[in-house]
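What follows is a short report on a single structure.
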Amino acid sequence: MNVTEVKPSLPPGVRLGRVSFVWRPWLLCVTLLLAAATFLVFCVSIGVGDFPVGLPQVIATLFGRGEQVDEFVIMDLRMPRALAGLVVGIALGVSGALTQSIARNPLASPDVLGITSGASAVAVFLVTVSGGTAAAIVNSAGLPAAALGGGLGTGLLVYFLAWRRGVDGFRLILIGISVSAVMEAITTWLLVTADIRDVARAQAWLVGSLEDRSWGEVRTALWCGLVLLAVVSCVAFQFRPMHFGDEVAAGLGVRYGRVRAVLLLCAVLLAGVAVSAAGPVPFVALVAPQVAMRLARRPTPPMVASGLTGALLLTGSDLIARTALPVSLPVGVVTAAIGGPFLVYLLVRANLR
Amino acid sequence: MYKSQLNPSKGGPVVAQSVTEAAVGGASRLAARGVTVGYGGRVVIDKLDVAIPPGVITTIIGPNGCGKSTLLRTLSRLLKPAGGTVVLDGEDIGRLRTRDVAKKLGLLPQAPVAPEGLTVADLVARGRHPHQSWLRQWSSDDADVVERALAMTGVSDLADRPVDALSGGQRQRVWISMTLAQGTDLLLLDEPTTYLDLAHALDVLDLVDDLHESGCTVVMVLHDLNLATRYSDHLVVMREGSILAQGHPRDVVTAELLHEAFGLRARVIDDPVGDRPLIVPIGRAHVRPGHLPAQDT
């Protein structure tokens, strides 16, 4: 590896054989620190519970050198929940970074674009509408898959409604808010008219939670997430000039319509995977990219750091929700309570400079 | 379809034969052949032919809504013509890959916006995008070209500053620098002086002239007729989607043409400082009696 220092004004490049990229030490440091912090919280989170396991034992077990008791507790009982937190956090963080970059507006998170509310409406519909048919669908296809379908459908609806010779970020957000409002109205109506026992089940899903995840659910989410992240990382390079708008991007040789459609679809699917795995966890997709962007001191949300920030926020919130408070709270309550103030702090600090 | 029957004030043909015929004769690298462009059913440009002469500054002028920006956007492949073709280096631009077009032709759209906090160096470096790939994101070649582009536009000292902290003129220089970093010798600039005061506009146009001196072919759209006259070697005057006249400013810019193209009453006089005509518009206010609308044709 040789670092070629060009001139003081330009970012230096790094070359490894035929591969070359811009050397950004600060971004790299922040990303590595976020990864380390996420891993630490992940391990602590696995160790905490009715049968506590110490941090060294957790790490030993993760690398296949633990004792049998620890291995059962960790791999069979606690791992699904912790992994779900990680996957959902990364998916939400990357999804938010994509939608915010595509719309060139920090407000454009998957929550605003109707994905979450669409998934919620479908899930609540399936849970509350009585009768054998709905129950059969829930059993065969599964609630997560149905929620994913609802999120995807709503996301695409918003995209096509916002389409007018290209997609304008502001129009996308306005239509997203409108469609979300309709979906939320449907959800409320279903809850009000449904049987009280079904409402309790639906409510438990609606606050967003990582409770009682099974390996089966987590495995599906994990594979979907990995495939989507692979697609995103392939296309993301073509996306970089699009921060300057469609016309500049076209001038720089980017087929912006195609790139945007692929990435927006990935963002919708990632958010859908997250919602189907953990319910509509609020605020992570909105706040994680913005926090990552400010920590990394970049003008646009960095993808990897956004995903890691999302994972850290969600895993950390789940840990707090389970341990620090007298009552066990759903993770969604804690993500909003932590993420919101932290973003405000970063914004205020920027103002004071 | 351009008419050249207009009577010039100084005698001689309207269309500067030297430049235009050389261009039509095949030396041109960029040309439109019978292009028709419209937005949603409304035809903006109808069966237009134009050849961009190589190695000079061509400026498209015309009244608002005449289709001059549309023509520039069609030449740059931003708009797909409904009929006809745009030819770049002998090939139909519509059949070329977007990336290959970007390696030959640099485009600066009207009033582009950079994300807040982006530095000048990062913005100009993005101009290398057509030459990069997923694996090869930043090479020493890229660094050299960006360094030169920064120096050529006089913004090397600003490299670490955020683009949004610069003045309008500096910002436009930075954007032109990004287009230069693309490494093309064919530059299309859509109203590069929009929102700039006169001093900054001159500054940017002097830069454009420097680029031309260094061998670039430039096509731009300008609003200000006197600046267009001063800085261009070839003027393309449009009205209602077709070309009214084209040629060297000395041959094209006449009172009659200005009236026909813009409905503007003006005197065209010798520029006291330049070697091009100077347009003095005649409005209604504060005009000496001899120039009032009496002799309007």
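What follows is calculated from the coordinates using simple rules that are stated; it is not laboratory data. All values derive from a computational prediction rather than experimental measurement. We place every Cβ from the backbone using ideal geometry, glycine too, and count neighbours over all the protein chains shown.
Which order do the peptides A:291-298, B:102-109 come out in when sorted by mean C-beta neighbours inside 10 angstrom, highest first?
Packing proxy ranking, top to bottom: B:102-109, A:291-298.
Which order do peptides A:101-110, B:133-142 fall in by mean Cβ count within 10 Å, highest first?
On the way: A:101-110: 22.4, B:133-142: 16.3.
Result, highest mean first: A:101-110, B:133-142.
Peptide B:239-252: average number of partner chain Cβ atoms within 10 Å per residue? Walk me through the intermediate numbers first.
Values: counts 0, 0, 0, 0, 0, 0, 0, 0, 0, 0, 0, 0, 0, 0.
Average neighbour count from other chains, rounded to a whole number: 0.
Under 15 Å from the 7 Å Cα→Cβ point of A:Ala145, by amide nitrogen: which residues of region A:234-274?
A:273
Among DSSP beta bridges whose residues both lie in the protein assembly as shown, state the antiparallel percentage, nearest 5.
65
Tell me the net charge near B:Met178. Cut-off is 12 Å between Cβ atoms, B:Met178 excluded, with +1 for each Lys or Arg and -1 for each Asp or Glu.
Net local charge, B:Met178 excluded: +3.
How many lysine pairs in the protein assembly as shown, separated by 8 or more positions in sequence or lying on different chains, have Cα atoms less than 19 Å apart? Walk me through the intermediate numbers first.
Numbers: B:Lys3/B:Lys47; B:Lys3/B:Lys68; B:Lys47/B:Lys68; B:Lys47/B:Lys80; B:Lys68/B:Lys80; B:Lys80/B:Lys103; B:Lys80/B:Lys104.
So the count works out to 7.
Any idea how far the Cα center of region B:86-156 sits from the one of region A:282-302, in Å?
If you average the Cα positions of each part, the centres end up 27 Å apart.
Please build a GNM for chain B, connecting alpha carbons under 10 Å apart, and tell me which residue among B:His200, B:His286, B:His248 fluctuates the most.
B:His286
Taking square-rooted eigenvalues a ≥ b ≥ c of the alpha carbon gyration tensor, is region B:106-183 rounded, prolate or oblate, where a/c under 1.5 means rounded and, failing that, a/b exceeding b/c means prolate?
Values: a/c = 1.62, a/b = 1.51, b/c = 1.07.
Prolate is the answer for region B:106-183, as a/c is 1.5 or above and a/b outweighs b/c.
For A:Val22 and A:Arg197 in the same chain, what is the full-extension length gain: residue separation times 0.36 nm, less their Cα-Cα distance, in nm? Walk me through the intermediate numbers first.
Values: separation 175, 0.36 × 175 = 63.00 nm, distance 5.66 nm.
This chain segment gains 57.3 nm when fully extended.
Can you sort B:Glu240, A:Glu247 by how many other beta carbons sit within 10 Å, fewest first? Provide the component values of the computation, followed by the final result.
Details: B:Glu240 14, A:Glu247 19.
Listing B:Glu240, A:Glu247 from fewest to most nearby Cβ atoms yields B:Glu240, A:Glu247.
Give the average, rounded to an integer, of partner chain Cβ atoms located within 10 angstrom of each Cβ in A:252-263. Could you put the intermediate results ahead of the total?
Details: counts 16, 13, 5, 3, 1, 0, 1, 0, 0, 0, 0, 0.
Mean shielding count: 3.
Ranking request for peptides B:84-90, B:219-225, A:240-246: highest mean number of other beta-carbon atoms within 10 Å first, then the rest in descending order. Intermediate values should be presented prior to the final figure.
Numbers: B:84-90: 17.1, B:219-225: 22.3, A:240-246: 20.3.
Order by mean packing, descending: B:219-225, A:240-246, B:84-90.
Please list the helices of chain A that count as membrane-span-like by this rule: a mean Kyte-Doolittle hydropathy of at least -1.0 together with Cα atoms stretching 18 Å or more along the helix axis, each helix being a complete DSSP H run.
Values: long enough: A:25-47 (33 Å, 2.21); A:79-103 (36 Å, 1.37); A:115-128 (20 Å, 1.84); A:143-162 (28 Å, 1.57); A:169-193 (36 Å, 1.63); A:215-239 (35 Å, 1.46); A:256-278 (32 Å, 1.80); A:303-323 (30 Å, 1.05); A:331-352 (32 Å, 1.64).
Going by DSSP H runs, the hits are A:25-47, A:79-103, A:115-128, A:143-162, A:169-193, A:215-239, A:256-278, A:303-323, A:331-352.
Using Cα springs under 10 Å in a Gaussian network model of chain B, which residue among B:Gly67, B:Gly241, B:Gly117 shows the largest mean-square fluctuation?
Between B:Gly67, B:Gly241, B:Gly117, it is B:Gly117 that shows the largest mean-square fluctuation.
Which FRET efficiency value, to the nearest 0.05, is calculated for A:Arg258 and B:Ala111 with the Förster distance at 41 angstrom and r the Cβ-Cβ distance? Write out the running numbers ahead of the final one.
On the way: r = 25 Å, r/R0 = 0.61.
In this case the efficiency is close to 0.95.
I want to verify a result. In a Gaussian network model of chain A, Cα cutoff 10 Å, which of these has the top mean-square fluctuation: A:Ile177, A:Ile46, A:Ile196?
Comparing A:Ile177, A:Ile46, A:Ile196 in the GNM, the peak value goes to A:Ile196.
Using the Cα centre as the reference, give the magnitude of the dipole from point charges on the C-beta atoms of the protein assembly as shown (Lys, Arg: +1; Asp, Glu: -1; all else neutral), rounded to the nearest 20 debye.
On the way: 55 positive and 52 negative charges, 97 e Å.
With only Lys, Arg, Asp and Glu charged at Cβ, the dipole is about 460 debye.
So what's the back-of-envelope 222 nm ellipticity for the protein assembly as shown, counting only DSSP H runs of four-plus at -39500 (n - 2.57) apiece and dividing by all residues, rounded to 500? Working shown, then result.
Working: 25 runs with 338 residues, N = 650.
After summing the helix terms and dividing by the residues of the protein assembly as shown, the value is -16500 deg cm²/dmol.
How far is the Cα center of region A:140-196 from the Cα center of region A:39-106, in Å?
With region A:140-196 and region A:39-106 each reduced to a Cα centre, they are spaced 30 Å.
Take peptide B:104-117, look around each residue's Cβ out to 10 angstrom, count Cβ atoms belonging to other protein chains, and average those counts. Walk me through the numbers on the way to the answer.
On the way: counts 0, 2, 2, 5, 3, 8, 1, 2, 5, 5, 5, 9, 2, 7.
For this peptide, the per-residue mean of nearby foreign Cβ atoms is 4.
Test of understanding: ordering B:Asp144, B:Asp275 by Cβ neighbours within 10 Å, fewest first, what list do you get? Write down the numbers at each step before the final one.
Values: B:Asp144 13, B:Asp275 9.
Going from sparsest to densest Cβ surroundings: B:Asp275, B:Asp144.
All other residues with a Cβ under 12 Å from the Cβ of B:Asp142 taken together, and with Lys, Arg as +1 and Asp, Glu as -1, what is their net charge? Present the calculation step by step, with values, prior to reporting the outcome.
Values: positive: A:Arg15, B:Arg126, B:Arg128, B:Arg136, B:Arg148; negative: B:Asp141, B:Asp144, B:Glu147.
Around B:Asp142, the surrounding residues sum to +2.
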